[in-house]
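Here is the structure we will look at, set down as structure tokens.
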Amino acid sequence: MSNIILSLCLTIQIQLKIIIYLMWINLGKYSLKKLYDEPVRKEYRKLQVDSMPVVESFERLDYLQLLKEYFAEHGKPLKPVSRRKGCLPVSEDILCPKCGAPHSYIYRNNGKAKNTQYLCKVCDFTFGNSTDYLKSVALRCPHCNRVLERIKKRKDFNVFKCKNPKCSFYLSNLKRLSSEERNRYIADPQAFKLHYIHREFTIKLKPLSKESPVMPDVDLSKIHSSPYTLGLILSYYVNYGMSSRMVASIMRDIHGVNISHQTVINYGNAAAMLLKPFVDNYDYPLTSSICGDETYVKVNGKWHYVFFIFDTIKKIITSHHVSPNRDTVAAIKAIDDTLSKYKEIPEKLNMVFDGNPIYLLAQHFFASHGIHFDVTQVIGLTNDDPVSEEYRPLKQVIERLNRTLKRYYKSTNGFGAFDNCQNYLTLFTTWHNFLRPHKSLGYRVPVNIPGVTKLPNMPAKWLELLDMAQYYILEHQAA
Ligand SMILES: [Zn+2]
Ligand SMILES: [Zn+2]
């Protein structure tokens, strides 16, 4: 008897495999992928990020004034450059970026070389093309000190390159090529990155300037359910990660409260809007050890990236920035969310991220604004690595969020709107920072507000937080 059952089971298993295989052939690889709609961990673009350039800011001078001073000191005028025969002329549109002296006062500093550097006779400034200057700042190669040339202008950034053929950085990269690679390089120089490159981000973001919080006009007292019902809904919806439909049916079946799943979403949105200014501007006791990672959420059927940043010791989420792109601008905004939560940026602030170069570029962006921190990149994230030990709590938070959100992807097409998604993440962060006991914190919550923690149950705790958030808004609207 048991033999028959066993062989039947085996037959069923084989048939199942055949069915899956046939489906795969019929629907094609891509449709099957759609069937199991999961985010794919896409490879980020590998990009070598070079060290920071030397930033030289200079005072703008007036060459006419300088010529006058020269005359007063020497008793004779400063003569324009006399060019020897056979010397290439300096074209008329070349002006000194520092003092504005015209071409007649400009030397060619490197003779006939293709990528000319100039020297101003009036103020002794060496420079490249005058387009390579950012108002009164020159970016120089950290390896050879030559002024970098702007070679590309993109929407959010400029690309600068050291074109010096004698630059030590270039020469040492060239040396490292095998003879076969060298031949390829000669045939197709674009295929290799040998010269020093710097990306200068031009996005309009003043780091650390907290936008004054947008104070929402939400009045939860006008909702039709009792406050306790609201607390219950938030507990199911966020703490237990139930979908809005599950929450609606549990409210109906268990608690006898008749609400629709849309009402659950509306209550969630209203609570999130109220909580956001409070949660964003809370005076968090942060340490100097931070880590971050990206995960995915689906908004309107499209995958978006959530940039989570997290205090590794206190387990406090400091950023949950959502962006349709996994780019440097998004990384900058997420890091800015985190940095602006510090009263003072700690001297030894270290941030751990995966190997994506966007984090190094973001670090350069902040450094160019005088804000410094270290970035440690963990590639591969194997668990025996000492750095990933620190990283693991973040991974766990992200996994928990992913498990919760998966239900959204399966039942619906993700979040219907970008705002719904952001609101859910605000609720998730509120829950994680203020309400969720953490094992590695001795089962304490990351941020202990005694007035909240002492309350006997979760609905009451949510209501107390909403109360505090409302008070925060009243206080700041008055100011
Ligand atoms: Zn000059
Ligand atoms: Zn150089």
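Read the figures in this text as sums done on the coordinates, not as results from a lab. Remember, it's a predicted structure, so these values are computed and weren't measured experimentally. Ideal geometry is used to build each Cβ from the backbone, glycine not excepted, and the neighbour counts take in all protein chains shown.
Overview of values
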quantity: Spin-label model distance (nm) - LEU10 vs ASN325, 7 Å beyond Cα toward Cβ; calculated: 5.7
quantity: Semi-axis lengths (Å, descending) of the ellipsoid that matches the C-alpha gyration tensor of the chain; calculated: 56, 33, 19
quantity: Tensor-based shape of region 277-478 (alpha-carbon gyration tensor, a/c under 1.5 rounded, otherwise prolate or oblate); calculated: rounded
quantity: Cβ-isolated cysteines (cut-off 4.7 Å), the chain; calculated: CYS9, CYS87, CYS291, CYS421
quantity: Cα point-scatterer Debye curve for region 241-291, base-10 log of I(q)/I(0) at q = 0.22, 0.24, 0.28 Å⁻¹; calculated: -0.80, -0.86, -1.01
quantity: Rounded to 10°, Cα long-axis angle of helix 2-35 versus longest principal axis of the chain; calculated: 40
quantity: Inter-site label distance for LEU47 and LYS79 at 7 Å from Cα along Cβ, in nm; calculated: 5.1
quantity: Average projection area in nm² (convex hull over Cα atoms of region 292-359, one quarter of hull surface); calculated: 4.9
quantity: Nearest 10 degrees, 0 to 90: helix 63-74 Cα axis against the chain principal axis; calculated: 40
quantity: Using alpha-carbon coordinates, inclination of helix 358-367 to the longest axis of the chain, degrees; calculated: 60
quantity: Antiparallel %, DSSP beta bridges [both residues in the chain], to 5; calculated: 80
